[in-house]
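Below: one structure, written as structure tokens.
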Amino acid sequence: MMSTVKEYKPAEKQSSKRIIFFKAFSILLSLFLLCLIEISLRLFNYGHDLRLFIDYPGDRNFLVLNPDASKKYFTNQTIATTGNIEPFKKKKDLNTLRIFVLGESTTIGYPYFHNGSFHRWLQYRLTHTFPDRNFEIINIALTAVNSYTVYGFAKDVVDYEPDAVLIYSGHNEYYGALGVGSTENLGGNPQLVNTLLYLRQFRLVQLMTNVYETIQPTISGNKGNSGGTRMKLMVADQKIPYDSELYQRGVEQFRHNINATLSLLAQHTIPVFISNLVSNEKDLKPFVSFPVGRTTFPGFNQQYALGVAAFERKDFSDAFTYFKAANQIYNGHALCNYYLGRIAYLQGEFSQAKTYFKKANDLDGLRFRAPTSFNDMLSQLCTNYKNAHLVDTKATFERKSANGIIGNELILEHVHPNLLGYALLADTFYEALKKEKFISVPKEKEISVEQLLQAMPITKVDSLAGLYKVSNLKRNWPFNEVMAAQPFTVETTEEKIAYDLTTQKTGWLESLSKLYDYYLNKHDFEKARRTVEALVLEYPTDARYAEKAAMLSGELKDDKNAIFYFKKAFALVPSFDKARYLFVLFLKLDQPEQAIPYLDYAIQNNTSQFNLSPVKAYAEQVVQLKKKLVNDPKNVAILTQIANAYYRMDNRAGAANYGQKVLTVDANNKEALSLMERLK
């Protein structure tokens, strides 16, 4: 029998549909597992909720900046910063103008914070100019961040009904979180970084990041930070030469993120007001000047050294000659340009000085001040979008600076304004809002900058605490090498409270409470009211502070501010007592039409033994009589009727006012004379 050989049959190919099925199944299974891990991590509360806004614990009808929102931008969570607590309503009122403020440390008001910040100056000015409008100015700026945070926050802000967005950002571009020269850098490509930021909202990505951050020091041999200020901890590269690759990556990072922000806001037709940048040009030496090679540029170091020696002995003519000779050999040395600027300034050559100072700033290798090209870039970007408006803060600061060059008169150290500087920053934004018809201010209601500087409720403690912080800052790197710290004393009660606030022995609210008690015990009601007004700005939804400010205004016989704060308190928490104060004050000021709504409330919610209906009747009578008086202002009969009506409702001030008007027309009027006698 012949053996049979089996015919070889190749394995059948799987159908293409089956292959697609298995691939799809694998992908779906992977996605399912990832989702399962993500859900599990959230159920066990792993990681952080990185939403920009969360419910305000004090009132669930309000939202507030999430203190964890910054953690998306910091790989080292221990140095992540937090911002202001400024609640705003979930459901925006019809009478509300809502403005979000984005930026960095200058934007949040360092070193004063609270009411030193420019947005609080703006808030005070707008609310006092338009007392019947509601302004929500929500500052969500952070320290130690840059344009990545501006763009990231803007993507969320557009969903919260902003009427406008204000931006001041740029000085932290290199060393702020995710900056190209920062220890928190994720890479130099803005598109890649923004994609990674989007992924960080997922708890699984947070887990992977935390694992990496835990093992990374072991792998690299880096034992972590060695202490120091946050400013020092954020700096990875202390020397970034002008126009180097790293320098240009920082420029591109700023351009990309700001352009993306303006484009996003344009898509949502939201007006954006973005300021150019100011820094200390005249009174701050460059932090880092790069050594100049003796063989590459022979003679530079000798001429430069001779210039320094001549400058130190105040022989400015010779110093300028030596520095000029050095600069002709090599013009890229930051400190050489700065010295040339100082000497030109001392010699009255201010235009020349400005050119040298500008160049010194750009050549400074430690990039804590934005390159001057950023301002040109901001101006250009604003021209690309109809809704984008440049706020020319630099021009304002130059106008207010000696000889048009910004220095210590307005800047505390390298970039942060003093209180006058923050007032000017607020004023420049205010004028930009007016120019673009965002607000329309009647001339008679206008509050000037001078009036604002007098009225703004910044306490002595806030002012001192800011100066103490700056003095401490100047004792640390890098300022201890280029600036002298200002000595300060801690002797008075105000100084002691400010010092405890600076050293974090007490919080801001506790410090102001102590200050308020101190002024009250001294019967210094003016300063006590200023302290309470500061609390009103900080806690605009707390009626207690507004009512206290109103009562103190009454003690000071300041009826205008008493009305302002009583109205604010009444709007938050209506009550019979507040309504009574308001209608009494309005009648006293001869504004019966303003008094009637509060009379109505008081009548409907009367907790007193008084019958207020006659008062309302007299008030309505006065309203009608005043209408007749418009065409006949010297009508003695009408003036007398108004005087008598005020007298019958026990409004002595109103009765005296109209009694005197009668006597001005008719000095012998018996009825008016009798009334004035009874009022004595």
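Every number in this text was worked out from the coordinates using simple rules, so none of it is lab data. Quantities reported herein were computed from a predicted structural model and do not represent experimental measurements. Methodologically, a virtual Cβ is constructed for each residue, glycine included, from the backbone with ideal geometry; neighbour enumeration extends over all protein chains shown.
Rounded if a/c is under 1.5, else prolate if a/b beats b/c, else oblate: with a ≥ b ≥ c from the C-alpha gyration tensor eigenvalues square-rooted, which is segment 488-543? Spell out each step's value before the answer.
Numbers: a/c = 2.56, a/b = 1.29, b/c = 1.99.
Cα axes put segment 488-543 in the oblate bin.
For the residue pair Glu481 and Val630, what label-to-label distance in nm results when each label sits 7 Å from Cα along the Cα-to-beta-carbon direction? With each label point 7 Å from Cα toward Cβ, the separation is 7.2 nm. Cβ-Cβ distance of Asp559 and Asn408, R₀ of 35 Å, FRET efficiency by 1/(1 + (r/R0)^6): the value works out to about 0.30. In this simple spin-label approximation, Ser373 and Thr209 carry label points 7 Å from Cα along the Cα→Cβ vector, and these lie 3.0 nm apart. Given +1 at the Cβ of Lys and Arg, -1 at the Cβ of Asp and Glu and no other charges, the dipole of the chain around its Cα centre is 960 debye to the nearest 20. Distance distribution P(r), the chain, all Cα-Cα pairs, bin width 10 angstrom from 0: 3, 12, 19, 20, 16, 11, 8, 5, 3, 1, 1, 0, 0, 0, 0, 0 percent. The relative contact order of segment 577-680, computed from alpha carbon pairs under 8 Å that lie at least 6 residues apart in sequence, is 21 percent. Using 12 Å as the cut-off for backbone N distance, which residues of segment 458-482 belong to the label zone defined by a point 7 Å from the Cα of Phe488 along Cα→Cβ? Under 12 Å, as judged by backbone N against the label point of Phe488, lie 460-475 of segment 458-482.
Can you give the translational diffusion coefficient of segment 577-680 in µm²/s, computed by Stokes-Einstein from the Kirkwood radius over Cα pairs at 10 °C and 1.306 mPa s?
Working: Rh = 14.0 Å.
Value of D from the Cα-based Kirkwood radius: 114 µm²/s.
For a quick protection proxy, order the peptides 510-519, 357-366, 551-560 by their average other-Cβ count within 10 Å, most packed first. Before the final figure, lay out each step's value.
Values: 510-519: 18.9, 357-366: 22.3, 551-560: 16.3.
Packing proxy ranking, top to bottom: 357-366, 510-519, 551-560.
Exposure proxy for Trp121, Trp508: other Cβ atoms within 10 Å of each Cβ, ordered fewest to most, give Trp508, Trp121. Length gained on full extension, Glu677 to Arg133: 191.6 nm, using 0.36 nm per residue less the C-alpha separation. Residue ranges 368-375, 415-422 sort as 415-422, 368-375 when ordered by packing (mean number of other C-beta atoms within 10 Å per residue, highest first).
With neighbour counts taken as other beta-carbon atoms within 10 Å, the residues His523, His171, His128, His119 rank, fewest first, as His523, His128, His171, His119.
Listed highest first by mean packing, meaning other Cβ atoms within 10 Å per residue, what order do 145-152, 529-536, 671-678 come in? Spell out each step's value before the answer.
Details: 145-152: 27.8, 529-536: 25.0, 671-678: 15.5.
Result, highest mean Cβ count within 10 Å first: 145-152, 529-536, 671-678.
For the pair Thr664 and Glu444, what calculated FRET efficiency results from E = 1/(1 + (r/R0)^6), where r is the Cβ-Cβ distance and R0 = 30 Å, to the nearest 0.05? Taking R0 as 30 Å, the efficiency between Glu444 and Thr664 is 0.75.
Estimated at 0.36 nm per residue, the fully extended path between Asp55 and Lys400 surpasses their Cα-Cα distance by 120.0 nm. Counting only DSSP beta bridges with both residues in the chain, the antiparallel share comes to about 30 percent. The phi torsions of segment 636-649, fed into the Karplus equation with coefficients 6.51, -1.76 and 1.60 and a -60° offset, translate into couplings of 4, 4, 5, 4, 5, 4, 5, 4, 5, 4, 5, 5, 5, 8 Hz, rounded to whole numbers, with Gly and Pro shown as x.
When Arg367, Arg313, Arg652, Arg125 are sorted by how many other C-beta atoms sit within 10 angstrom of their C-beta, beginning with the fewest, the order is Arg313, Arg652, Arg125, Arg367.
Going by a ≥ b ≥ c, the root eigenvalues of the Cα gyration tensor, does segment 300-363 fall in the rounded group (a/c under 1.5), the prolate group (a/b larger than b/c) or the oblate group? It comes out oblate by the Cα gyration axes.
Taking amide H as placed 1.01 Å from N in the peptide plane, Glu136 has its amide H under 5 Å from the amide H of Leu97, Arg98, Ile99, each at least 5 places away in sequence or on another chain.
Remark: spin-label model distance Asn605-Lys232 equals 5.7 nm, labels positioned 7 Å along the Cα→Cβ axis. Using the Cα coordinates of segment 451-493, the gyration tensor eigenvalues translate into equivalent-ellipsoid semi-axes of 26, 14, 7 Å, sorted from longest to shortest. As a calculated quantity, the FRET efficiency between Ser613 and Glu593 at R0 = 22 Å, using C-beta atoms, amounts to about 0.80.
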